[in-house]
1. Would you please report the Å³ per residue occupied by the convex hull of the alpha carbon atoms in the chain?
2. Could you list the trypsin sites (Lys or Arg not before Pro) in the stretch 9-56 that lie in coil according to DSSP, counting only those with at most 12 other Cβ atoms within 10 Å of their Cβ?
3. With label points built 7 Å along Cα→Cβ from the Cα atoms of Lys253 and Arg265, find their separation and express it in nm.
4. Just in the stretch 189-237: which chymotrypsin sites (Phe, Trp or Tyr not before Pro) are loop by DSSP and have at most 12 other Cβ atoms within 10 Å?
5. So if we plug the beta-carbon distance of Glu187 and Arg146 into 1/(1 + (r/R0)^6) with R0 = 30 Å, what FRET efficiency do we get, rounded to 0.05?
6. Connecting C-alpha atoms closer than 10 Å in a GNM of the chain, tell me which of Ala245, Ala193, Ala294 has the biggest fluctuation.
7. Report the label-to-label distance for Asp89 and Glu286 in nanometres (one decimal), using points 7 Å from each Cα along the Cα→Cβ vector.
8. What aspartates and glutamates could a cross-link reach from Lys10, if we take a straight Cα to Cα line under 16 Å and drop same-chain neighbours fewer than 8 places away?
Amino acid sequence: MQIRHFLQFKDFDRLEFEYLFDRTRWIKNEFKQYRRYWPLTDRTLAMIFEKHSTRTRLSFEAGMHQLGGSAIYLSTRDTQLGRGEPVEDAARVISRMVDIITIRTHEHQIIERFAENSRVPVINGLTDEYHPCQILADIFTFIEHRGSITGKTITWIGDSNNVCNTWLQAAEIFDFNVHVSTPPGYEVEPERAGLYGTDHYEQFVSPHDAVKDADLVTTDVWTSMGFEDELDTRKNDFADFCVDAEMMACAKKEALFMHCLPAHRGEEVDAEVIDGPQSVVWDEAENRLHTQKALMEYLLLGRISVR
Ligand code: CP
Ligand code: NVA
């Protein structure tokens, strides 16, 4: 089987995502019924983290165990990666010892260099530019609640970061629209977002205008990991970009609210919204587990006929 990696959302096509969502539904149901499903017995996942994580780490580690395999957590603090071992060398060694690898790191180039030298599939657990596993879970969650995402309007409020970039790539694959509203100076950079050049997003100066007619409103921290030096400046610059009840009221009545978490109540979102009836953030977090199990199954076993 040819090795595949999942480094950006556009590494897969729409049919592959539909297959993954199909498998996710089945895998989730087995899990909820307390039925064992161990297709990855004796397989090992290495999890390399150069940044903090709760959901990504836990969902990959628990997910691999639930599929019958095992997972090893490697942080930069304890490995030779933290002492300057070249990424290429680490990839050559680690990929001779395990079956699949997930990495959370800084510049996207690092994971690309790693994948080029890996003998086994590599999954992006977040880079400065992309967070494909997050949007895999987010779209699955949207579909669970509202059906097809095609033709819908998703509004992104705040920083045009790794999560936003991944929504933009997904829009081109699933054919939906993204309205983005950021403070001046924080707009989408199409090249950094890795867009094909098609027209699936629109920038808005006013967040209230961006939210109009949205089927889903979503946001994220104002300061992503690795950008902590900009914390105070960003707090000032983003002050008018809090998703509050008044902003949500501009969206469709049945609009959902998502946030990849962790959240800062009173900054990018008000408690009233994230803890309110339109919010599906806990389903969204849980679905990281189920979608990534389907992803690991796919990368290791290819398409399987069990349903
Ligand atoms: N959403 C997300 O990736 O969360 P963690 O940083 O906790 O992994
Ligand atoms: N944009 C955030 C996402 C955290 C899951 C970050 O990169 O820190």
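1. So the per-residue hull volume is 130 Å³.
2. Passing sites in the stretch 9-56 are Arg35, Arg36.
3. 2.8
4. Numbers: sites: Tyr196, Tyr201, Phe204, Trp222, Phe227; in loops: Tyr196, Trp222, Phe227.
In loop regions of the stretch 189-237 (DSSP not H, G, I, E or B), the sparsely surrounded chymotrypsin sites (Phe, Trp or Tyr not before Pro) are Tyr196.
5. Taking R0 as 30 Å, the efficiency between Glu187 and Arg146 is 0.60.
6. Between Ala245, Ala193, Ala294, it is Ala245 that shows the largest mean-square fluctuation.
7. Reported label-point gap for Asp89 and Glu286 is 4.6 nm.
8. In chain and number order, the partners are Glu18, Glu112, Glu129, Asp138, Glu172, Asp175, Glu191, Asp199.
Each reported figure results from applying straightforward, stated rules to the coordinates on display, with no laboratory input. From a predicted model like this one, the values you see are computed outputs, not experimental measurements. Positions of Cβ are generated from backbone atoms using ideal geometry, with glycine treated the same way; all protein chains shown enter the neighbour counts.
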